[in-house]
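Q: Take this structure first; my questions come after.
The values are calculated or read from the model by the stated rules, or taken from the named source; none is laboratory data. Small disclaimer: the values here were computed from a predicted structure and weren't measured. Virtual Cβ from ideal backbone geometry, glycine too; neighbours counted across all protein chains shown. We work out accessible area using only protein heavy atoms, side chains counted, and drop any ligands, DNA or RNA first. Shrake-Rupley method; radii C 1.70, N 1.55, O 1.52, S 1.80 Å.
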Amino acid sequence: MPVAIHATEKALCKVFSDDFAFSIPAYQRPYAWTKDQASELLTDLLSFLGELLQKFSMI
């Protein structure tokens, strides 16, 4: 049975707050990230956050 997905914009700080509960569907659970993949994602996110903070500090 198809599941409808509804999307809305949310501030990133809200997404990572206690307002959201994430669940991983059973069909995705067997997938596991390696330490290197998780590290690369974290590095990318921190880099983006640093660039964003730098951009807003210039305003």
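Q: Using just the helices of the chain, give the 222 nm mean residue ellipticity in deg cm²/dmol: DSSP H runs with n ≥ 4 each add -39,500 (n - 2.57), and the total is spread over all residues, rounded to 500.
A: After summing the helix terms and dividing by the residues of the chain, the value is -14500 deg cm²/dmol.
Q: Tell me which of Q28, F48, V3 sits at the most positive position along the dipole axis of the chain, charges placed on C-beta atoms (Lys, Arg +1; Asp, Glu -1).
A: V3
Q: Now for a different question. Given labels modelled 7 Å from the Cα in the Cβ direction, how far is it in nm from D44 to F22?
A: According to this spin-label approximation, the distance is 1.4 nm.
Q: In addition: On full extension of the chain, what length is gained from Q54 through A11, given 0.36 nm per residue of separation minus the C-alpha to C-alpha distance?
A: Going from the current span to full extension adds 13.7 nm.
Q: Also, quick follow-up: What accessible area, in Å² to the nearest ten, does a 1.4 Å probe give for I24?
A: 100 Å²
Q: Can you compute the charge dipole magnitude of the chain about its Cα centre, using +1 on each Lys and Arg Cβ and -1 on each Asp and Glu Cβ, nothing else charged? Give it in debye, rounded to the nearest 20.
A: 100 debye
Q: Enumerate by residue number the GluC sites (Glu not before Pro) in the chain meeting two conditions: DSSP loop (anything except H, G, I, E, B), and at most 12 other Cβ atoms within 10 Å of the site's Cβ.
A: E9
Q: Here's a follow-up. Are there any chymotrypsin sites (Phe, Trp or Tyr not before Pro) in the stretch 1-45 that are in a DSSP loop and have at most 15 other Cβ atoms within 10 Å? List them by number.
A: Listed in order of number, the matching sites are F16, F20, F22, Y31, W33.
Q: Calculate how large, on average over all directions, the projected area of the Cα convex hull of the chain is; give the answer in nm² to one decimal.
A: In nm², the orientation-averaged hull projection of the chain is 6.3.
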